């Protein structure tokens, strides 16, 4: 997993909770990196799992709630760090439909070893976007946070529902996000 995700997770913990709690979270985990991350580094996903689990224990908050909050936070960071993806995009559906075939393609050019989720899209009607998510990392609450962050960025009145789906043939988590304009 790319370092920017780890750096931003630790910074979110420092901001939302405290620097002391972030230090305690890292200290209580057995992290091969020692909890020292760079934005361009690559780190084992198990380190993120450990930190989220430990933060959940320390904060008494469900891990899925923490992942959701982190997704919203990271969307704001992406928006500031990668403004090119936001140029000439006027609404959330337009941006979200670019994740798989545009944004992830560009990420793969920079980081060929990146293990990204896949998305399939559908439009049952003009007011609805359906995104089907699949990932071996099982981060659908994180994806939900990113999607919600996108909708909030465009200040749109959109209902977002997540439906769990059976695991895929390769054991990946699958979920369906249904976005409906009100």
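The values are calculated or read from the model by the stated rules, or taken from the named source; none is laboratory data. The shown structure was predicted, so the numbers you read here are calculated from the model rather than taken from an experiment. Every residue, glycine as well, gets a Cβ built from its backbone with ideal geometry; the counts of neighbours run over all protein chains shown.
Residue check: is residue 100 surrounded by 16 or more Cβ atoms within 10 Å (Cβ to Cβ), at negative phi and touching a strand residue (DSSP E or B) at 6+ places or on another chain (Cβ under 7 Å)? It is true that residue 100 is surrounded by 16 or more Cβ atoms within 10 Å (Cβ to Cβ), at negative phi and touching a strand residue (DSSP E or B) at 6+ places or on another chain (Cβ under 7 Å). Taking each residue of region 80-101 that is at pLDDT 95 or above and looking for partners that are assigned to a loop (DSSP other than H, G, I, E, B) and surrounded by 10 or more Cβ atoms within 10 Å (Cβ to Cβ) with beta-carbon atoms closer than 6 Å, six or more apart or interchain, yields 91/154; 92/154; 92/156; 95/89. Taking region 109-134 as the range and being loosely packed, with under 11 Cβ neighbours inside 10 Å and either within 26 Å of residue 42 (Cα to Cα) or within 19 Å of the chain's Cα centre (by Cα) (or both) as the test, the residues that pass are 109, 110, 112, 113.
Out of 147, 158, one residue alone is buried (at least 16 other Cβ atoms within 10 Å of the Cβ) and under 27 Å from residue 13 (Cα atoms). It is 147.
Output the number of residues of region 68-97 satisfying the condition of being assigned to a loop (DSSP other than H, G, I, E, B) and touching a strand residue (DSSP E or B) at 6+ places or on another chain (Cβ under 8 Å).
Of all residues in region 68-97, those assigned to a loop (DSSP other than H, G, I, E, B) come to 82, 87-91, 97.
Okay, now just the ones that are also touching a strand residue (DSSP E or B) at 6+ places or on another chain (Cβ under 8 Å), so 97.
Residues in region 68-97 being assigned to a loop (DSSP other than H, G, I, E, B) and touching a strand residue (DSSP E or B) at 6+ places or on another chain (Cβ under 8 Å): 1 in total.
Somewhere in region 20-41, is a residue touching a residue at least 60 places away in the same chain (Cβ under 8 Å), surrounded by 15 or more Cβ atoms within 10 Å (Cβ to Cβ) and part of a helix (DSSP H, G or I)? No, region 20-41 has no match at all. With respect to the conditions (1) in contact with a helix residue (DSSP H, G or I) (Cβ under 6 Å, 6 or more places away or on another chain); (2) more than 19 Å from residue 44 (Cα to Cα); (3) part of a helix (DSSP H, G or I), residue 100 falls short on a single one, namely (1).
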